[in-house]
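The structure appears below as structure tokens.
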Amino acid sequence: MFKNPWLKSLWELMYPAPEFCPFCHTGIVPEGLPACGACTARISPSMHRLSLARYQGFAVGVYDDYLQYLLHQIKYLNQYQPAVALGKIMALAAREQPELGSVDYFLPVPLHHQRLQQRGFNQADALAAGMNQVWPHRVCSAVRIKPTEFQSGLSPSERVKNLRRAFMLTNPAAVRGKRVLIIDDIFTTGATFYSLADLVHSHRGEPLGLFLTYRRS
């Protein structure tokens, strides 16, 4: 269309190409939003306060239908960009939650290095990366120091045992006196969250949880 590269650049600046939705790949993403209107409606983001025995936790959606499908794409088909986009949606919801207004750090739940090599990326890291594009925070990190079994096939008591002493903070002194938002894709029994939250608490930090989804009991 343009023989002159300068004219082509000027045209693209004035009339940028539409951004397609990272979920359906067909809808147009409105400016300033992470997904098209149809996918946003299907995700139906809203803050759900979780009933936890200790600490505070919130989830942005229910593990059902469309979110279940998207998480399958992310975790088993290595779809990174949808995870980042879901992180943006999490941040848009979370930053309006009064209890999360004074968070100091994001802490994505880590994968063991063997699982990370198999999957290619950590979905919790991708969620946190998307959140930071919308709601910037410092990130503190932990490592998973033992190769735990998949939680999905375990009973609640087995999940707790499976995750006992599974994590280590890379800089424990950094969380002292800080509010640390633990980020993960799904809340089921809470075994993973409690294991990491108790670790933060043992170093005198204040842990909170933010999850993309939760399973209804």
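Only the coordinates and a few stated rules stand behind these numbers; no lab work does. Everything numeric in this text was worked out from a predicted model, so none of it was measured. Because the Cβ atoms are built from the backbone with ideal geometry, glycine has one as well, and the counts that use them run over all protein chains shown.
Regarding the stretch 45-214, what whole-number volume in Å³ per residue does the convex hull of its Cα atoms give?
Residue-normalised Cα hull volume stands at 106 Å³.
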Please identify which residues in the stretch 167-203 have an amide N closer than 16 Å to a label point set 7 Å out from the Cα of Ile145, following the Cα→Cβ vector. 167-174, 195-203
Provide the net charge surrounding Leu208, with neighbours chosen by a C-beta distance below 9 Å and charges set as Lys +1, Arg +1, Asp -1, Glu -1. -1
Which ³J(HN,Hα) values in Hz, rounded to whole numbers, follow from the phi angles of the stretch 51-65 under the Karplus curve 6.51 cos²θ - 1.76 cosθ + 1.60, where θ = phi - 60° and Gly and Pro get x? 8, 10, 5, 8, 6, 10, x, 9, 10, 8, x, 9, 6, 7, 6
